[in-house]
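Structure record follows, encoded as structure tokens.
The values are calculated or read from the model by the stated rules, or taken from the named source; none is laboratory data. Keep in mind that this is a model prediction, so the values were computed, not measured. Cβ coordinates were reconstructed from backbone atoms using ideal geometry, including for glycine residues, and neighbour counts include every protein chain displayed.
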Amino acid sequence: MNLYAQNILDRYKEPFYKDKKVKADLMAKEANLSCGDKLEVQMELKDGKIKTYSFTGVGCAISQASADILGDLVIGRTIDDVLNMTKDELLEALGIDISERRMKCALLGLVAIQKAIKQVTK
């Protein structure tokens, strides 16, 4: 098993950002109906930047680890930066090849985060 695949398993088993208490200024739910993965993301803003991030959810190792790794990517960034974040940036942070079949699982957290931002910036 390569180091990156181990990172996915580690973040799935012991996530840093799952079920943390957050004063939620931004919140959204997202689900992958084809496999049953579900996420809810919560973020606190300060001075236009993501101050804290948390998620709750159930699903496969990829969706849950990806949602956790997103915390590393979004905290400290402006909402515009996060809104413009691409799937390639997230996939690079995951560090493993994601099949087309599992792509929706890997991107579920990013979709939820961007949905939360769009709800308050309309």
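Numerical summary
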{"item": "Of all residues in the stretch 102-122 being farther than 23 Å from D10 by Cβ and hydrophobic (A, V, I, L, M, F, W, C), the one that is modelled with the lowest pLDDT", "result": "V120"}
{"item": "S99 at pLDDT below 95 and either of a type in the set (G, A, S) or buried (at least 18 other Cβ atoms within 10 Å of the Cβ) (or both)", "result": "yes"}
{"item": "Close pairs from the stretch 27-50: first assigned to a loop (DSSP other than H, G, I, E, B), partner surrounded by fewer than 16 Cβ atoms within 10 Å (Cβ to Cβ), Cβ under 7 Å, at least 6 apart", "result": "G48/T78"}
{"item": "Tally of residues being of a type outside the set (A, V, I, L, M), under 20 Å from E40 (Cβ atoms) and outside any helix (DSSP H, G or I) across the stretch 84-121", "result": "0"}
{"item": "Residue satisfying all of: in the stretch 3-22; closer than 19 Å to K115 by Cα and out of contact with any Leu (no Cβ under 9 Å at 6 or more places or on another chain); modelled with the highest pLDDT among these", "result": "K18"}
{"item": "Close pairs from the stretch 83-112: first over 12 Å from A31 (Cα atoms), partner assigned to a loop (DSSP other than H, G, I, E, B) and of a type in the set (D, E, K, R), Cβ under 9 Å, at least 6 apart", "result": "M85/R77; L91/D97"}
{"item": "Test: residue in the stretch 60-74 that is closer than 18 Å to A31 by Cα, outside any helix (DSSP H, G or I), out of contact with any Gly (no Cβ under 8 Å at 6 or more places or on another chain) and in contact (Cβ under 8 Å) with a residue 12 or more places away in the chain", "result": "yes"}
{"item": "Residues being under 18 Å from N84 (Cβ atoms) and of a type in the set (V, I, T) - total across the stretch 25-55", "result": "2"}
{"item": "Among residues of the stretch 4-39, those that are farther than 22 Å from R101 by Cα and either hydrophobic (A, V, I, L, M, F, W, C) or in contact with a strand residue (DSSP E or B) (Cβ under 9 Å, 6 or more places away or on another chain) (or both), counted", "result": "14"}
{"item": "Any hit, the stretch 12-25, residues being surrounded by 14 or more Cβ atoms within 10 Å (Cβ to Cβ), in contact (Cβ under 8 Å) with a residue 60 or more places away in the chain and farther than 14 Å from L107 by Cα", "result": "yes"}
